[in-house]
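The values are calculated or read from the model by the stated rules, or taken from the named source; none is laboratory data. Predicted model only: the values in this text are computed from it and were never measured. Note: ideal-geometry Cβ built from the backbone for every residue, glycine included; neighbour counts use all protein chains shown. Heavy atoms of the whole protein, side chains included, go into the accessibility calculation; ligands, DNA and RNA do not. Shrake-Rupley method; radii C 1.70, N 1.55, O 1.52, S 1.80 Å.
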Amino acid sequence: MISLDSLPHLPGCYLFRDSPEEWGNIIYVGKARDLKKRISNYFQKQNHSPRTAALVAAIKGVDFIVTNTEVEALLLENTLIKKHQPRYNIKLKDSSRYASIHLTDEEFPRIRISRKAQGPGSFYGPFVSAKERGFVYQIVRKAFGLRTCKRLPKRACLRYHLGHCSGPCIGKITKKDYQARVQRAKSALSGRTAELISSMKEEMTGRANRQDFERAIELRDEINALERLSERQRVEQNRKYDQDVISYLMDKEIVYLMLFKVYRGTLAGKEEYQFPSSEDFLEEFVVQYYSENEPPEELIAPEPFDDSLEEFLAHLKGKKVRVTVPKQGEKKELLLLAQKNLEISVFGDRAKLVALQEALHLPKKPEVIECFDISHLAGSFAVGSMVQFRSGKPDKSNYRRFKIRDVQGGDDFASIAEVVRRRYSRLKEENKELPDLIVIDGGAGQLSSALKELREMRVKVPIISLAKREEEIYVPGLEGPLDIKKNEKASLYLQEIRDEAHRFAIAYNRLLRKKALTE
(Lines give C-alpha, C1' and ligand atoms only; values in the text may rest on other atoms or scores of the structure.)
Protein backbone atom coordinates (compact mmCIF):
# COMPACT_ATOMS: atom_id res chain seq x y z
CA MET A 1 0.00 0.00 0.00
CA ILE A 2 1.16 3.53 -0.72
CA SER A 3 1.23 5.74 2.36
CA LEU A 4 -0.31 9.17 1.73
CA ASP A 5 -0.31 10.30 5.32
CA SER A 6 3.14 11.89 5.44
CA LEU A 7 2.77 13.89 2.22
CA PRO A 8 3.17 17.66 2.78
CA HIS A 9 0.72 20.42 1.91
CA LEU A 10 3.42 22.16 -0.15
CA PRO A 11 4.17 22.77 -3.84
CA GLY A 12 6.46 20.39 -5.69
CA CYS A 13 6.78 17.50 -8.12
CA TYR A 14 5.68 13.92 -7.59
CA LEU A 15 7.06 10.80 -9.27
CA PHE A 16 5.04 7.60 -9.61
CA ARG A 17 7.01 4.34 -9.90
CA ASP A 18 6.06 0.85 -11.05
CA SER A 19 7.76 -0.66 -7.99
CA PRO A 20 7.99 0.30 -4.32
CA GLU A 21 11.76 0.02 -4.70
CA GLU A 22 13.60 3.32 -5.15
CA TRP A 23 15.11 2.02 -8.39
CA GLY A 24 11.70 1.25 -9.88
CA ASN A 25 10.88 2.79 -13.25
CA ILE A 26 9.34 6.27 -13.13
CA ILE A 27 6.06 5.99 -15.03
CA TYR A 28 4.62 9.47 -14.44
CA VAL A 29 5.86 12.88 -13.32
CA GLY A 30 3.47 15.63 -12.25
CA LYS A 31 3.53 18.97 -10.46
CA ALA A 32 1.23 20.19 -7.72
CA ARG A 33 0.39 23.33 -5.81
CA ASP A 34 -0.40 21.02 -2.87
CA LEU A 35 1.35 17.64 -3.06
CA LYS A 36 -0.86 15.90 -0.50
CA LYS A 37 -4.14 16.96 -2.13
CA ARG A 38 -2.97 16.23 -5.67
CA ILE A 39 -1.50 12.79 -5.01
CA SER A 40 -4.37 11.73 -2.73
CA ASN A 41 -6.82 12.63 -5.49
CA TYR A 42 -5.44 9.83 -7.70
CA PHE A 43 -6.32 7.18 -5.11
CA GLN A 44 -9.56 8.64 -3.74
CA LYS A 45 -11.32 9.65 -6.96
CA GLN A 46 -13.38 6.91 -8.61
CA ASN A 47 -14.36 8.15 -12.09
CA HIS A 48 -10.92 8.39 -13.71
CA SER A 49 -10.46 8.37 -17.47
CA PRO A 50 -9.27 4.99 -18.87
CA ARG A 51 -5.69 6.26 -19.22
CA THR A 52 -5.57 7.63 -15.66
CA ALA A 53 -7.20 4.47 -14.29
CA ALA A 54 -4.45 2.42 -15.98
CA LEU A 55 -1.84 4.73 -14.46
CA VAL A 56 -3.29 4.37 -10.95
CA ALA A 57 -3.37 0.58 -11.30
CA ALA A 58 0.32 0.61 -12.24
CA ILE A 59 1.48 2.82 -9.36
CA LYS A 60 3.43 0.89 -6.74
CA GLY A 61 5.62 3.65 -5.31
CA VAL A 62 5.57 7.43 -4.87
CA ASP A 63 8.39 9.93 -4.43
CA PHE A 64 8.29 13.72 -4.36
CA ILE A 65 10.50 16.82 -4.37
CA VAL A 66 9.30 19.93 -2.56
CA THR A 67 9.87 23.31 -4.25
CA ASN A 68 9.46 26.84 -2.96
CA THR A 69 6.80 27.83 -5.49
CA GLU A 70 4.44 26.33 -8.02
CA VAL A 71 6.46 28.02 -10.76
CA GLU A 72 9.54 26.10 -9.67
CA ALA A 73 7.48 22.91 -9.71
CA LEU A 74 6.48 23.58 -13.32
CA LEU A 75 10.10 23.93 -14.40
CA LEU A 76 11.24 20.93 -12.38
CA GLU A 77 8.41 18.86 -13.89
CA ASN A 78 9.65 19.76 -17.37
CA THR A 79 13.20 18.76 -16.42
CA LEU A 80 12.18 15.42 -14.88
CA ILE A 81 9.96 14.48 -17.84
CA LYS A 82 12.78 15.15 -20.29
CA LYS A 83 15.21 13.14 -18.16
CA HIS A 84 13.05 10.07 -17.39
CA GLN A 85 10.62 9.99 -20.36
CA PRO A 86 7.78 8.43 -18.25
CA ARG A 87 5.42 6.37 -20.36
CA TYR A 88 2.25 7.96 -18.95
CA ASN A 89 3.39 11.52 -19.64
CA ILE A 90 2.74 13.21 -22.96
CA LYS A 91 5.86 12.99 -25.10
CA LEU A 92 6.97 16.60 -25.47
CA LYS A 93 8.98 17.80 -28.43
CA ASP A 94 12.08 19.92 -28.03
CA SER A 95 10.11 23.04 -28.90
CA SER A 96 8.16 22.60 -25.68
CA ARG A 97 11.07 23.97 -23.66
CA TYR A 98 10.16 27.22 -21.99
CA ALA A 99 11.40 30.29 -23.82
CA SER A 100 13.80 32.93 -22.51
CA ILE A 101 14.41 36.58 -23.34
CA HIS A 102 17.68 37.06 -25.18
CA LEU A 103 19.84 40.18 -25.34
CA THR A 104 22.39 39.71 -28.11
CA ASP A 105 26.01 40.87 -27.88
CA GLU A 106 26.01 42.84 -31.13
CA GLU A 107 27.34 46.42 -31.43
CA PHE A 108 23.76 47.60 -30.81
CA PRO A 109 22.25 44.59 -28.95
CA ARG A 110 18.72 43.56 -29.86
CA ILE A 111 16.08 41.94 -27.69
CA ARG A 112 14.37 38.74 -28.84
CA ILE A 113 12.53 35.62 -27.68
CA SER A 114 14.63 32.45 -27.75
CA ARG A 115 13.62 28.86 -27.01
CA LYS A 116 17.22 27.65 -26.90
CA ALA A 117 19.39 29.43 -24.36
CA GLN A 118 22.52 28.89 -26.43
CA GLY A 119 25.02 31.16 -28.13
CA PRO A 120 26.48 34.59 -27.37
CA GLY A 121 24.58 37.19 -25.37
CA SER A 122 22.56 37.14 -22.16
CA PHE A 123 19.52 34.95 -21.51
CA TYR A 124 16.81 35.61 -18.92
CA GLY A 125 14.19 33.09 -17.86
CA PRO A 126 12.94 30.59 -18.81
CA PHE A 127 9.32 31.77 -18.50
CA VAL A 128 6.60 29.20 -17.88
CA SER A 129 3.88 31.59 -19.02
CA ALA A 130 3.91 32.97 -22.56
CA LYS A 131 1.62 35.80 -21.44
CA GLU A 132 3.95 36.79 -18.64
CA ARG A 133 6.97 36.55 -20.93
CA GLY A 134 5.21 38.76 -23.47
CA PHE A 135 4.48 41.40 -20.83
CA VAL A 136 8.08 41.47 -19.65
CA TYR A 137 9.45 41.49 -23.18
CA GLN A 138 7.20 44.39 -24.23
CA ILE A 139 7.90 46.38 -21.06
CA VAL A 140 11.67 46.12 -21.35
CA ARG A 141 11.70 46.65 -25.11
CA LYS A 142 9.54 49.76 -24.99
CA ALA A 143 10.93 51.23 -21.77
CA PHE A 144 14.53 51.19 -22.98
CA GLY A 145 13.98 51.59 -26.73
CA LEU A 146 15.84 48.42 -27.73
CA ARG A 147 15.83 47.28 -31.33
CA THR A 148 14.25 44.01 -32.47
CA CYS A 149 15.29 43.94 -36.14
CA LYS A 150 17.66 41.17 -37.29
CA ARG A 151 19.71 43.66 -39.30
CA LEU A 152 19.99 47.39 -38.88
CA PRO A 153 17.88 48.97 -41.68
CA LYS A 154 19.02 52.00 -43.64
CA ARG A 155 16.01 54.05 -42.62
CA ALA A 156 13.84 54.33 -39.57
CA CYS A 157 11.04 51.80 -39.16
CA LEU A 158 7.54 52.24 -37.77
CA ARG A 159 8.67 51.26 -34.27
CA TYR A 160 10.94 54.32 -34.15
CA HIS A 161 8.10 56.63 -35.26
CA LEU A 162 5.85 55.11 -32.55
CA GLY A 163 8.49 55.88 -29.93
CA HIS A 164 9.27 52.23 -29.19
CA CYS A 165 12.86 52.24 -30.50
CA SER A 166 15.74 54.66 -29.91
CA GLY A 167 16.74 54.58 -33.60
CA PRO A 168 20.35 53.33 -33.67
CA CYS A 169 19.89 52.55 -37.37
CA ILE A 170 19.75 56.26 -38.28
CA GLY A 171 22.22 57.51 -35.67
CA LYS A 172 19.63 58.94 -33.26
CA ILE A 173 21.52 57.47 -30.31
CA THR A 174 25.22 56.95 -29.67
CA LYS A 175 26.71 53.55 -29.00
CA LYS A 176 27.58 54.63 -25.45
CA ASP A 177 24.04 55.81 -24.65
CA TYR A 178 22.55 52.70 -26.24
CA GLN A 179 24.80 50.45 -24.15
CA ALA A 180 23.65 52.33 -21.04
CA ARG A 181 20.05 51.45 -21.95
CA VAL A 182 21.07 47.84 -22.45
CA GLN A 183 22.61 47.74 -18.99
CA ARG A 184 19.39 49.12 -17.46
CA ALA A 185 17.42 46.49 -19.36
CA LYS A 186 19.70 43.78 -17.99
CA SER A 187 19.11 45.09 -14.48
CA ALA A 188 15.35 44.93 -14.98
CA LEU A 189 15.51 41.42 -16.46
CA SER A 190 17.73 40.30 -13.59
CA GLY A 191 15.06 41.30 -11.09
CA ARG A 192 16.40 44.72 -10.10
CA THR A 193 13.19 46.40 -11.17
CA ALA A 194 12.34 48.69 -8.23
CA GLU A 195 12.80 52.02 -10.05
CA LEU A 196 11.01 50.83 -13.18
CA ILE A 197 8.06 49.50 -11.17
CA SER A 198 7.86 52.72 -9.16
CA SER A 199 7.53 54.87 -12.30
CA MET A 200 4.96 52.48 -13.79
CA LYS A 201 2.87 52.61 -10.62
CA GLU A 202 2.85 56.42 -10.84
CA GLU A 203 1.65 56.21 -14.44
CA MET A 204 -0.99 53.62 -13.49
CA THR A 205 -2.33 55.92 -10.77
CA GLY A 206 -2.40 58.85 -13.20
CA ARG A 207 -4.26 56.81 -15.81
CA ALA A 208 -6.82 55.69 -13.23
CA ASN A 209 -7.33 59.28 -12.04
CA ARG A 210 -7.98 60.32 -15.67
CA GLN A 211 -10.43 57.39 -15.91
CA ASP A 212 -8.29 55.66 -18.54
CA PHE A 213 -9.09 52.36 -16.84
CA GLU A 214 -8.22 50.14 -19.80
CA ARG A 215 -4.60 51.30 -19.87
CA ALA A 216 -4.46 51.29 -16.04
CA ILE A 217 -5.44 47.60 -16.04
CA GLU A 218 -2.78 46.86 -18.66
CA LEU A 219 -0.19 48.63 -16.53
CA ARG A 220 -1.33 46.66 -13.48
CA ASP A 221 -0.82 43.38 -15.35
CA GLU A 222 2.58 44.52 -16.63
CA ILE A 223 3.67 45.50 -13.11
CA ASN A 224 2.56 42.10 -11.83
CA ALA A 225 4.63 40.44 -14.55
CA LEU A 226 7.70 42.47 -13.60
CA GLU A 227 7.18 41.69 -9.92
CA ARG A 228 6.99 38.01 -10.74
CA LEU A 229 10.32 38.42 -12.49
CA SER A 230 11.89 39.01 -9.06
CA GLU A 231 10.84 35.46 -8.22
CA ARG A 232 14.03 34.29 -9.89
CA GLN A 233 13.97 30.67 -10.78
CA ARG A 234 16.19 28.60 -8.48
CA VAL A 235 15.41 25.43 -10.38
CA GLU A 236 16.79 26.49 -13.78
CA GLN A 237 19.73 28.80 -13.37
CA ASN A 238 21.32 28.39 -16.81
CA ARG A 239 24.72 27.56 -15.39
CA LYS A 240 27.40 25.91 -17.48
CA TYR A 241 28.58 23.53 -14.75
CA ASP A 242 27.17 20.86 -12.44
CA GLN A 243 26.50 21.29 -8.75
CA ASP A 244 25.73 19.00 -5.84
CA VAL A 245 23.96 20.36 -2.77
CA ILE A 246 24.47 18.58 0.56
CA SER A 247 22.29 19.15 3.61
CA TYR A 248 21.87 17.10 6.75
CA LEU A 249 20.00 16.80 10.05
CA MET A 250 20.97 14.92 13.20
CA ASP A 251 18.52 13.23 15.53
CA LYS A 252 19.50 10.92 18.39
CA GLU A 253 22.91 9.99 17.00
CA ILE A 254 21.46 9.37 13.53
CA VAL A 255 22.44 11.51 10.53
CA TYR A 256 19.83 12.15 7.85
CA LEU A 257 21.52 13.51 4.73
CA MET A 258 20.04 14.76 1.45
CA LEU A 259 21.96 15.31 -1.79
CA PHE A 260 20.47 17.47 -4.54
CA LYS A 261 21.83 16.86 -8.04
CA VAL A 262 21.91 20.02 -10.17
CA TYR A 263 22.94 19.51 -13.80
CA ARG A 264 23.87 22.64 -15.76
CA GLY A 265 21.73 24.68 -13.39
CA THR A 266 18.76 22.30 -13.56
CA LEU A 267 17.59 20.47 -10.45
CA ALA A 268 17.32 16.88 -11.64
CA GLY A 269 16.65 14.87 -8.50
CA LYS A 270 17.53 14.03 -4.91
CA GLU A 271 19.19 11.21 -2.99
CA GLU A 272 18.61 10.42 0.70
CA TYR A 273 20.94 8.67 3.14
CA GLN A 274 20.75 7.65 6.80
CA PHE A 275 23.66 6.45 8.96
CA PRO A 276 24.96 6.55 12.56
CA SER A 277 26.63 9.77 13.60
CA SER A 278 30.39 9.97 14.10
CA GLU A 279 32.87 12.77 14.62
CA ASP A 280 33.81 13.00 10.93
CA PHE A 281 30.60 11.66 9.35
CA LEU A 282 30.46 14.34 6.63
CA GLU A 283 34.02 13.66 5.51
CA GLU A 284 33.34 9.91 5.54
CA PHE A 285 30.24 10.37 3.42
CA VAL A 286 31.99 12.62 0.89
CA VAL A 287 34.91 10.20 0.52
CA GLN A 288 32.70 7.14 0.09
CA TYR A 289 30.14 8.78 -2.19
CA TYR A 290 32.55 10.49 -4.57
CA SER A 291 34.81 7.46 -4.75
CA GLU A 292 31.95 5.89 -6.71
CA ASN A 293 30.40 9.02 -8.29
CA GLU A 294 32.17 11.75 -10.24
CA PRO A 295 32.39 14.97 -8.22
CA PRO A 296 30.65 18.08 -9.64
CA GLU A 297 32.48 21.28 -10.45
CA GLU A 298 30.84 22.93 -7.43
CA LEU A 299 29.71 21.39 -4.17
CA ILE A 300 27.36 23.50 -2.03
CA ALA A 301 27.60 22.49 1.62
CA PRO A 302 26.44 23.75 5.04
CA GLU A 303 30.01 23.91 6.35
CA PRO A 304 33.55 24.21 4.91
CA PHE A 305 35.72 21.18 4.09
CA ASP A 306 39.32 20.56 5.12
CA ASP A 307 41.93 21.38 2.48
CA SER A 308 42.85 17.69 2.26
CA LEU A 309 39.24 16.78 1.40
CA GLU A 310 39.11 19.43 -1.33
CA GLU A 311 42.40 18.07 -2.71
CA PHE A 312 40.90 14.57 -2.66
CA LEU A 313 37.88 15.75 -4.69
CA ALA A 314 40.16 17.59 -7.13
CA HIS A 315 42.21 14.42 -7.58
CA LEU A 316 39.08 12.43 -8.43
CA LYS A 317 37.73 15.14 -10.75
CA GLY A 318 41.02 15.90 -12.44
CA LYS A 319 40.60 19.60 -11.70
CA LYS A 320 39.61 21.87 -8.81
CA VAL A 321 36.22 21.28 -7.21
CA ARG A 322 34.81 24.47 -5.71
CA VAL A 323 33.28 23.97 -2.25
CA THR A 324 30.85 26.78 -1.43
CA VAL A 325 29.26 27.56 1.94
CA PRO A 326 26.70 30.22 0.89
CA LYS A 327 25.43 32.88 3.27
CA GLN A 328 22.80 34.37 0.94
CA GLY A 329 21.56 34.37 -2.64
CA GLU A 330 20.49 31.56 -4.99
CA LYS A 331 22.94 28.99 -3.62
CA LYS A 332 21.77 29.60 -0.06
CA GLU A 333 18.20 29.12 -1.26
CA LEU A 334 19.16 25.79 -2.86
CA LEU A 335 20.69 24.71 0.44
CA LEU A 336 17.53 25.75 2.30
CA LEU A 337 15.37 23.92 -0.24
CA ALA A 338 17.36 20.71 0.36
CA GLN A 339 16.93 21.30 4.10
CA LYS A 340 13.16 21.73 3.68
CA ASN A 341 12.88 18.44 1.76
CA LEU A 342 14.95 16.70 4.42
CA GLU A 343 12.85 18.04 7.29
CA ILE A 344 9.65 16.88 5.59
CA SER A 345 11.16 13.45 4.98
CA VAL A 346 12.53 12.98 8.51
CA PHE A 347 9.85 14.58 10.63
CA GLY A 348 7.05 13.24 8.46
CA ASP A 349 8.32 9.77 9.42
CA ARG A 350 8.65 10.79 13.06
CA ALA A 351 4.95 11.71 13.10
CA LYS A 352 4.10 8.14 12.06
CA LEU A 353 6.08 6.75 14.96
CA VAL A 354 4.37 9.02 17.48
CA ALA A 355 0.94 8.10 16.12
CA LEU A 356 1.73 4.39 16.36
CA GLN A 357 3.08 4.72 19.88
CA GLU A 358 -0.08 6.49 21.02
CA ALA A 359 -2.46 4.13 19.24
CA LEU A 360 -0.82 0.98 20.69
CA HIS A 361 0.02 2.54 24.09
CA LEU A 362 3.67 1.56 23.70
CA PRO A 363 6.22 2.60 26.37
CA LYS A 364 8.42 4.30 23.74
CA LYS A 365 8.39 5.21 20.05
CA PRO A 366 8.78 2.07 17.91
CA GLU A 367 11.97 3.16 16.14
CA VAL A 368 12.73 -0.40 14.96
CA ILE A 369 9.82 -2.52 13.70
CA GLU A 370 10.08 -6.02 12.25
CA CYS A 371 7.23 -7.53 10.27
CA PHE A 372 6.73 -11.17 9.17
CA ASP A 373 4.72 -12.67 6.31
CA ILE A 374 4.31 -16.14 4.81
CA SER A 375 3.93 -16.95 1.11
CA HIS A 376 3.33 -20.28 -0.67
CA LEU A 377 1.66 -21.69 -3.75
CA ALA A 378 -0.95 -24.25 -2.71
CA GLY A 379 1.36 -25.35 0.08
CA SER A 380 4.44 -25.58 -2.14
CA PHE A 381 7.53 -23.37 -2.09
CA ALA A 382 6.58 -22.01 1.33
CA VAL A 383 8.73 -19.10 2.41
CA GLY A 384 8.77 -16.49 5.14
CA SER A 385 9.87 -12.88 4.95
CA MET A 386 10.94 -10.35 7.54
CA VAL A 387 11.30 -6.66 6.77
CA GLN A 388 12.68 -4.07 9.14
CA PHE A 389 11.63 -0.42 9.32
CA ARG A 390 13.96 1.91 11.18
CA SER A 391 12.95 5.48 12.09
CA GLY A 392 9.98 5.27 9.73
CA LYS A 393 11.88 3.99 6.67
CA PRO A 394 12.70 0.55 5.25
CA ASP A 395 16.14 -0.69 6.37
CA LYS A 396 16.79 -3.14 3.55
CA SER A 397 20.17 -4.18 4.90
CA ASN A 398 18.26 -5.94 7.69
CA TYR A 399 15.64 -7.71 5.54
CA ARG A 400 15.64 -11.50 5.97
CA ARG A 401 14.02 -14.37 4.10
CA PHE A 402 13.38 -17.94 5.23
CA LYS A 403 12.71 -21.26 3.52
CA ILE A 404 10.10 -23.06 5.60
CA ARG A 405 11.83 -26.24 6.80
CA ASP A 406 9.65 -27.91 9.42
CA VAL A 407 6.11 -27.35 8.10
CA GLN A 408 4.29 -29.20 5.34
CA GLY A 409 1.04 -28.36 3.54
CA GLY A 410 0.94 -24.59 3.84
CA ASP A 411 0.13 -24.26 7.56
CA ASP A 412 0.43 -20.48 8.06
CA PHE A 413 0.22 -20.68 11.86
CA ALA A 414 3.07 -23.18 12.15
CA SER A 415 5.09 -21.35 9.47
CA ILE A 416 4.86 -18.04 11.34
CA ALA A 417 5.93 -19.82 14.53
CA GLU A 418 8.98 -21.27 12.73
CA VAL A 419 10.29 -18.01 11.26
CA VAL A 420 9.71 -16.08 14.51
CA ARG A 421 11.56 -18.80 16.45
CA ARG A 422 14.47 -18.81 14.01
CA ARG A 423 14.77 -15.03 13.94
CA TYR A 424 14.77 -14.30 17.65
CA SER A 425 16.62 -17.36 18.85
CA ARG A 426 19.48 -16.22 16.64
CA LEU A 427 19.33 -12.64 17.88
CA LYS A 428 19.45 -13.91 21.47
CA GLU A 429 22.38 -16.23 20.75
CA GLU A 430 24.34 -13.40 19.12
CA ASN A 431 23.27 -10.90 21.80
CA LYS A 432 22.01 -8.48 19.14
CA GLU A 433 19.45 -5.68 19.31
CA LEU A 434 15.79 -6.65 19.55
CA PRO A 435 13.13 -4.57 17.77
CA ASP A 436 10.76 -2.19 19.54
CA LEU A 437 7.70 -3.82 17.92
CA ILE A 438 6.93 -7.06 16.07
CA VAL A 439 4.14 -7.12 13.47
CA ILE A 440 2.63 -10.35 12.13
CA ASP A 441 0.67 -10.44 8.88
CA GLY A 442 -2.54 -12.18 9.84
CA GLY A 443 -5.27 -12.38 12.45
CA ALA A 444 -5.59 -13.64 16.00
CA GLY A 445 -4.41 -17.17 15.09
CA GLN A 446 -1.11 -16.06 13.59
CA LEU A 447 -0.58 -13.69 16.54
CA SER A 448 -1.14 -16.49 19.05
CA SER A 449 1.38 -18.76 17.30
CA ALA A 450 4.07 -16.08 17.23
CA LEU A 451 3.43 -15.01 20.84
CA LYS A 452 3.79 -18.59 22.06
CA GLU A 453 7.28 -18.82 20.52
CA LEU A 454 8.37 -15.50 22.03
CA ARG A 455 7.25 -16.58 25.51
CA GLU A 456 9.11 -19.88 25.24
CA MET A 457 12.25 -17.95 24.31
CA ARG A 458 11.55 -15.36 27.01
CA VAL A 459 11.71 -12.57 24.45
CA LYS A 460 9.80 -9.57 25.78
CA VAL A 461 8.93 -7.37 22.78
CA PRO A 462 5.49 -5.83 22.05
CA ILE A 463 3.76 -7.82 19.31
CA ILE A 464 0.62 -7.26 17.23
CA SER A 465 -0.94 -8.66 14.07
CA LEU A 466 -2.62 -6.93 11.15
CA ALA A 467 -5.38 -8.77 9.33
CA LYS A 468 -6.06 -8.04 5.67
CA ARG A 469 -9.37 -6.88 4.22
CA GLU A 470 -10.56 -4.72 7.12
CA GLU A 471 -7.00 -4.00 8.34
CA GLU A 472 -7.89 -5.09 11.86
CA ILE A 473 -5.18 -4.80 14.52
CA TYR A 474 -4.99 -7.60 17.14
CA VAL A 475 -2.99 -7.44 20.37
CA PRO A 476 -2.39 -10.12 23.03
CA GLY A 477 -5.04 -10.33 25.75
CA LEU A 478 -7.96 -8.91 23.74
CA GLU A 479 -10.55 -11.08 22.04
CA GLY A 480 -11.37 -8.58 19.31
CA PRO A 481 -9.39 -6.06 17.30
CA LEU A 482 -8.44 -2.59 18.51
CA ASP A 483 -10.76 0.31 17.75
CA ILE A 484 -8.42 1.90 15.19
CA LYS A 485 -9.82 2.89 11.80
CA LYS A 486 -7.87 1.73 8.76
CA ASN A 487 -7.43 5.28 7.45
CA GLU A 488 -5.84 6.55 10.67
CA LYS A 489 -2.13 7.46 10.61
CA ALA A 490 -1.06 4.54 12.82
CA SER A 491 -2.95 1.99 10.76
CA LEU A 492 -1.68 3.40 7.48
CA TYR A 493 1.90 3.07 8.70
CA LEU A 494 1.32 -0.56 9.71
CA GLN A 495 -0.25 -1.26 6.32
CA GLU A 496 2.81 0.23 4.62
CA ILE A 497 5.09 -2.11 6.61
CA ARG A 498 2.88 -5.17 6.11
CA ASP A 499 2.63 -4.55 2.35
CA GLU A 500 6.41 -4.37 2.10
CA ALA A 501 6.74 -7.69 3.95
CA HIS A 502 4.12 -9.21 1.62
CA ARG A 503 5.96 -7.95 -1.46
CA PHE A 504 9.28 -9.31 -0.19
CA ALA A 505 7.78 -12.75 0.56
CA ILE A 506 6.13 -13.04 -2.85
CA ALA A 507 9.37 -12.04 -4.57
CA TYR A 508 11.22 -14.87 -2.77
CA ASN A 509 8.47 -17.39 -3.53
CA ARG A 510 8.64 -16.51 -7.23
CA LEU A 511 12.42 -16.79 -7.21
CA LEU A 512 12.26 -20.33 -5.81
CA ARG A 513 9.65 -21.36 -8.38
CA LYS A 514 11.75 -19.92 -11.20
CA LYS A 515 14.82 -21.82 -10.00
CA ALA A 516 12.80 -25.05 -9.80
CA LEU A 517 11.69 -24.65 -13.42
CA THR A 518 15.23 -24.17 -14.68
CA GLU A 519 16.78 -27.06 -12.74
Notebook entry, point to check: What do you reckon, is residue 329 surrounded by fewer than 17 Cβ atoms within 10 Å (Cβ to Cβ) and touching a Pro at 6+ places or on another chain (Cβ under 8 Å)?
Noted result: no
Note to self: Between 62, 56, which is open to solvent by 10 Å² or more (accessible area, probe 1.4 Å), over 17 Å from residue 337 (Cβ atoms), hydrophobic (A, V, I, L, M, F, W, C) and not in a helix (DSSP H, G or I)?
What the structure shows: 62
Next item on the list: Look through 461, 419 and report the one residue that is in contact with a Ser or Thr (Cβ under 9 Å, 6 or more places away or on another chain) and over 22 Å from residue 20 (Cα atoms).
Entry: 419
Item checked: region 285-300, residues that are over 28 Å from residue 329 (Cβ atoms) and either surrounded by 18 or more Cβ atoms within 10 Å (Cβ to Cβ) or at pLDDT below 85 (or both) -> 291, 292
Check: Which one of these does residue 503 not meet: (1) of a type in the set (Lys, Arg); (2) part of a helix (DSSP H, G or I); (3) surrounded by fewer than 16 Cβ atoms within 10 Å (Cβ to Cβ)?
Finding: (3)
Checklist line | Residues (in contact with a helix residue (DSSP H, G or I) (Cβ under 8 Å, 6 or more places away or on another chain) and either assigned to a helix (DSSP H, G or I) or aliphatic (A, V, I, L, M) (or both)) located in region 191-204 | finding: 196, 197, 200, 201, 203, 204
Margin query: Which numbered condition in (1) of a type in the set (S, T, N, Q); (2) in contact with a helix residue (DSSP H, G or I) (Cβ under 8 Å, 6 or more places away or on another chain); (3) more than 27 Å from residue 495 (Cβ to Cβ); (4) assigned to a helix (DSSP H, G or I) is the only one that residue 89 fails?
Written below: (4)
Check: With respect to residue 108, is the statement that it is modelled with pLDDT of 90 or more and open to solvent by less than 20 Å² (accessible area, probe 1.4 Å) true?
Finding: no
Next item on the list: Among the strands (runs of 3 or more DSSP E) lying completely within region 100-190, list those that include at least 2 residues that are of a type in the set (A, V, I, L, M).
Entry: 100-103, 111-114
Checklist line | Filter result (assigned to a loop (DSSP other than H, G, I, E, B), open to solvent by 50 Å² or more (accessible area, probe 1.4 Å) and closer than 19 Å to residue 262 by Cβ) within region 304-319 | finding: 319
Note to self: Given the condition touching a strand residue (DSSP E or B) at 6+ places or on another chain (Cβ under 6 Å), among the acidic types (Asp, Glu), under 30 Å from residue 299 (Cβ atoms) and at pLDDT 75 or above, answer yes or no: does some residue in region 226-240 qualify?
What the structure shows: no
Next item on the list: Please find, among 77, 72, the residue that is in contact (Cβ under 8 Å) with a residue 12 or more places away in the chain, open to solvent by less than 20 Å² (accessible area, probe 1.4 Å) and among the acidic types (Asp, Glu).
Entry: 72
Check: Does at least one position in region 125-144 carry a residue that is of a type outside the set (Lys, Arg), open to solvent by 30 Å² or more (accessible area, probe 1.4 Å), modelled with pLDDT under 85 and over 36 Å from the mean Cα position of the chain (by Cα)?
Finding: yes
Next item on the list: Report, by residue number, each residue of region 400-421 that is open to solvent by 10 Å² or more (accessible area, probe 1.4 Å) and touching a strand residue (DSSP E or B) at 6+ places or on another chain (Cβ under 8 Å).
Entry: 400, 401, 402, 403, 404, 407, 410, 412
Check: Considering region 346-394 alone, what residues qualify as being in a loop (DSSP other than H, G, I, E, B), open to solvent by 10 Å² or more (accessible area, probe 1.4 Å) and either aliphatic (A, V, I, L, M) or at pLDDT 95 or above (or both)?
Finding: 362, 378
